[in-house]
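Notes for the one structure printed next.
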Amino acid sequence: MTSRIIGTGHCVPDTVITNDALSKVVDTSDEWIRSRTGIGCRRVVKEETTSYMAYMAAKKALISANIEAEDIDFIIVATSTPDTIFPNTATCVQKLLNNKKAVCFDLNAACSGFVYALNVAHSHIVAGLAKKVLVIGSESMSKVIDWKDRGTCVLFGDGAGATVVVEDNSGFLHTVVGSDGSKGDAIICDGHSSNSFYGHKEKEHPFTQMNGQDVFTFAVKKVPEIITQVLQEKNINAEDIHWYILHQANERIINSVAKRLKVPMEKFPMNLEHYGNTSAASIPILLDEMNQKGMLKKGQKIIISGFGAGLTWGATLLTW
Ligand code: COA
């Protein structure tokens with residue numbers, strides 16, 4: 001017994017911020033952003049919220065899976081940008097779906113969140129704790145970005161992607177996940193919270209801070225390493241994988257991973273030009289776009305891989 005993704009959906013906010021529009025706010029240019037990252041524009045929430053986007057993506061995934069919302073028994077939302085600390089995003093999605101029986105919780109593993117959440121869903125199914133699961137990645141990164149910091153604000157975007165995962169005889173094959181807390185300073189968001197017991201002092205740096213080069217170096221080394229580990233442990237050759245669906249952070253990171261694995265770039269689909277880095281949402285958004293275009297065919301072998309703050313990472317081998 002294993003688990004399988006049988007439905008996908010996504011939702012992005014209506015507002016589009018182009019690189020040219022950003023260059024009117026901070027000292028940057030379309031040329032700089034495109035050449036360093038591959039990003040052309042990003043979506044940014046206005047009226048939308050993390051839970052609303054998660055709900056919309058989930059609704060579409062349920063339709064694509066042909067499953068009723070009331071039959072879902074577990075909802076897990078990967079997010080670092082929930083609307084509220086509690087209730088968690090998953091219970092908000094449950095409420096909007098009018099579902100009564102699911103166990104609901106959020107998981108924060110930053111940009112690795114979707115890979116971690118899929119792993120948790122799979123483990124629940126294999127352990128007999130759940131049968132029909134919504135695995136969602138949803139982020140409002142625009143809320144935790146300093147829009148005056150050109151080093152970070154050009155990189156991120158908002159959105160949500162969802163999958164329906166059920167028990168099956170094939171699908172989820174193998175995974176490698178990991179974390180290294182000692183490198184947590186490479187990308188950090190302190191948040192706004194302060195302890196009112198000691199007064200209401202604002203945090204000095206409430207927004208995302210990042211050492212871009214450290215994160216870049218980590219990603220281009222760690223991602224090929226874990227993908228190779230997954231393939232070796234299942235005795236599968238890199239060329240037997242149809243698609244490598246990586247977290248959409250930066251085109252140059254993806255290029256470098258492809259080169260290190262000696263796999264042609266055509267096997268590394270990308271949509272970061274349109275959305276930027278949507279953190280835990282990037283992999284399920286891309287999965288849904290590929291699914292809608294008919295690019296995912298039954299029996300294809302797929303690697304998904306995420307990496308990000310923590311530091312955290314994960315790579316999973318699936319059969320579609
Ligand atoms: N527009 C124009 N110039 C910018 C800029 C921007 N948006 N952001 C930084 N710069 C400037 C810097 O100030 C620096 O100027 P200086 O040489 O005068 O000091 C110069 O560009 C080079 O900066 P540097 O940080 O060395 O650029 P880089 O080539 O490393 O690219 C990143 C920066 C962020 C694009 C790159 O490091 C990266 O992609 N890192 C990974 C980040 C990531 O993916 N994080 C999320 C992981 S989940």
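The values are calculated or read from the model by the stated rules, or taken from the named source; none is laboratory data. A quick note: this is a predicted structure, and the numbers were derived from the prediction, not measured. FYI the Cβ positions are ideal-geometry reconstructions off the backbone, even for glycines, and counts take in every protein chain you see.
Points worth noting:
- Leading residue by the ranking (nearest to the ligand (Cβ to nearest atom)) among those in segment 108-126 that are in contact with a Ser or Thr (Cβ under 8 Å, 6 or more places away or on another chain) and aliphatic (A, V, I, L, M): Ala110
- Filtered by the rule that a residue be part of a helix (DSSP H, G or I) and either within 16 Å of the ligand (Cβ to nearest atom) or crowded, with 22+ Cβ neighbours inside 10 Å (or both), segment 34-61 gives Arg34, Ser35, Arg36, Thr37, Thr50, Ser51, Met53, Ala54, Tyr55, Ala57, Ala58, Ala61.
- Test: residue in segment 181-193 that is modelled with pLDDT of 95 or more, within 20 Å of the chain's Cα centre (by Cα) and closer than 25 Å to Ala121 by Cβ: yes
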